[in-house]
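Undergrad: Take a look at this one; I'll ask things after.
Coordinate-derived values only; no laboratory data. Everything numeric in this text was worked out from a predicted model, so none of it was measured. All Cβ positions, even for glycine, are placed from backbone atoms using ideal geometry, and neighbour counts span all protein chains on display.
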Number of protein chains: 2
Amino acid sequence: MSISSRFAVGIHILALIKLNNEGVTSSEFLATSVNTNPAVIRKLMGMLKKAGLIEVHPGIAGAKLAKELSCITLFDVYKAVNVVQEKELFSIHESPHPDCPVGRNIQNTIEPLFTAAQLAMEKVLRNVTLEDVVRDIATKENIC
Amino acid sequence: MSISSRFAVGIHILALIKLNNEGVTSSEFLATSVNTNPAVIRKLMGMLKKAGLIEVHPGIAGAKLAKELSCITLFDVYKAVNVVQEKELFSIHESPHPDCPVGRNIQNTIEPLFTAAQLAMEKVLRNVTLEDVVRDIATKENIC
DNA sequence: ATACATGTAATTGATATTGTTACAGATAAA
DNA sequence: TTTATCTGTAACAATATCAATTACATGTAT
């Protein structure tokens with residue numbers, strides 16, 4: 001199991017909109033950099049737009065950031081592209097047998113443990129901004 | 001996306017072997033409590049056995065714990081049932097375009113961030129033992 | 001020998017992912 | 001107003017994973 005690459009591609013899109021600030025960041029331009037199909041990018045752009053992270057308009061080429069990158073965390077992107085639902089990183093088997101002490105309690109016992117693990121992961125995502133990501137790319141490129 | 005319920009079922013199996021200590025914990029007995037097929041349980045028993053968590057023998061009914069439950073963490077089960085590979089909780093798109101500053105750096109920039117998030121989640125799993133799980137079930141049952 | 005258990009492979013149905021094609025609708029420019 | 005270009009979106013296919021199911025080989029005890 002792996003969390004969908006929509007998350008990584010979403011980060012890619014936002015970073016590239018920023019670094020291509022002067023140019024026009026169309027779905028085709030993004031698709032070339034990501035190495036995928038423009039329609040895939042447009043679907044993701046729709047999700048990022050719905051989450052208030054970018055501005056896109058039908059008929060008008062190019063996406064723009066709707067916020068400062070320092071105000072967008074990886075968690076925001078993760079939620080925007082809908083890769084993992086709340087409390088559902090781990091799945092728990094349904095309908096265990098109620099006549100068994102383990103069967104009738106396992107779900108309630110495990111659920112908070114799984115949720116805690118998921119929240120710990122998400123906390124890390126909350127502590128990284130897209131500005132951090134772009135800065136790292138810039139450093140690797142010796143842009144600054 | 002969700003992590004396979006093999007993980008939750010693996011925990012269920014270990015807890016039930018413990019609470020059924022006096023009885024014979026066969027794959028059919030476990031399957032009834034989990035509410036699945038005995039062959040599914042046997043596959044999981046094979047994984048738990050391979051990881052050194054339980055003892056099972058062909059032709060001999062019932063599984064036994066190979067370790068104290070206090071020495072088995074949720075992380076041990078998680079690894080045993082093979083639900084998430086190292087550094088692969090999040091997937092990253094392959095072959096982004098090398099002629100783009102973002103394309104040629106995104107993987108190296110993102111990978112350590114994703115790994116850190118995964119490790120934070122796994123750390124929580126390391127800090128819970130199967131003894132904790134069984135104790136919680138026992139408490140809910142007023143067994144002790 | 002038999003009865004019964006585990007070990008394991010093959011198959012199926014359901015679901016998610018990613019890519020692809022096609023086209024409607026919006027916009028700008030000629 | 002016509003044309004070109006872009007976004008928005010739906011439909012579809014290919015692939016992968018999951019979970020259940022069936023079947024059967026193998027091992028053990030009586």
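Undergrad: Mind jotting down the distance between the C-alpha centroids of segment A:65-99 and segment B:100-122, whole Å?
TA: 18
Undergrad: Please tell me which of these pairs span more than 24 angstrom C-alpha to C-alpha: A:50/A:87; A:67/B:123; B:64/B:123; A:87/B:87? All intermediate terms of the calculation are to be shown ahead of the outcome.
TA: Details: A:50/A:87 22 Å; A:67/B:123 33 Å; B:64/B:123 27 Å; A:87/B:87 21 Å.
With Cα atoms farther than 24 Å apart: A:67/B:123; B:64/B:123.
Undergrad: Enumerate the calculated ³J(HN,Hα) couplings along segment B:119-125 in order (Karplus 6.51 cos²θ - 1.76 cosθ + 1.60, θ = phi - 60°), each rounded to whole Hz, writing x wherever the residue is Gly or Pro.
TA: 5, 5, 5, 5, 4, 4, 5
Undergrad: Next up: At a threshold of 8 angstrom on Cα-Cα distance, excluding pairs fewer than six apart, so keeping six or more, what relative contact order does chain A reach in percent? Mind dumping the intermediate values first?
TA: Details: 133 pairs, mean separation 37.5, N = 144.
Reported relative contact order: 26 percent.
Undergrad: Note the distances from residue B:132 to each other copy's matching label point, with points 7 Å along the Cα-to-beta-carbon direction, in nm, sorted shortest first.
TA: 2.5
Undergrad: Something else about it: Just to be sure I understand: of the beta bridges DSSP finds with both ends in the protein assembly as shown, what percent are antiparallel, rounded to 5? Walk me through the numbers on the way to the answer.
TA: Working: 8 of 10 bridges.
Here the antiparallel bridges make up roughly 80 percent for the protein assembly as shown.
Undergrad: Further question on the same structure: Write out the GluC sites (Glu not before Pro) in segment B:42-144 meeting two conditions: DSSP loop, and at most 12 other Cβ atoms within 10 Å of their Cβ. Walk me through the numbers before you get to the answer.
TA: Details: sites: B:55, B:68, B:86, B:88, B:94, B:122, B:131, B:141; in loops: B:68, B:86, B:88, B:94.
Sites meeting the loop and neighbour criteria: B:68, B:86, B:94.
Undergrad: Now for a separate question. How far, in nm to one decimal, is residue B:42 from itself in the other copies if the label point is set 7 angstrom along Cα toward Cβ? Shortest first, please.
TA: Label-point distances to the other copies, shortest first: 5.2 nm.
Undergrad: Translational diffusion coefficient of segment B:13-115 at 37 °C, 0.692 mPa s, Stokes-Einstein with Kirkwood Rh over Cα pairs, in µm²/s as a whole number.
TA: Numbers: Rh = 16.3 Å.
Reported coefficient: 201 µm²/s.
Undergrad: To the nearest 0.05, how large is the calculated FRET efficiency for residue B:126 and residue A:37 if R₀ is 35 Å and r is the Cβ-Cβ distance? Walk me through the numbers on the way to the answer.
TA: Numbers: r = 40 Å, r/R0 = 1.15.
My answer for the efficiency is 0.30.
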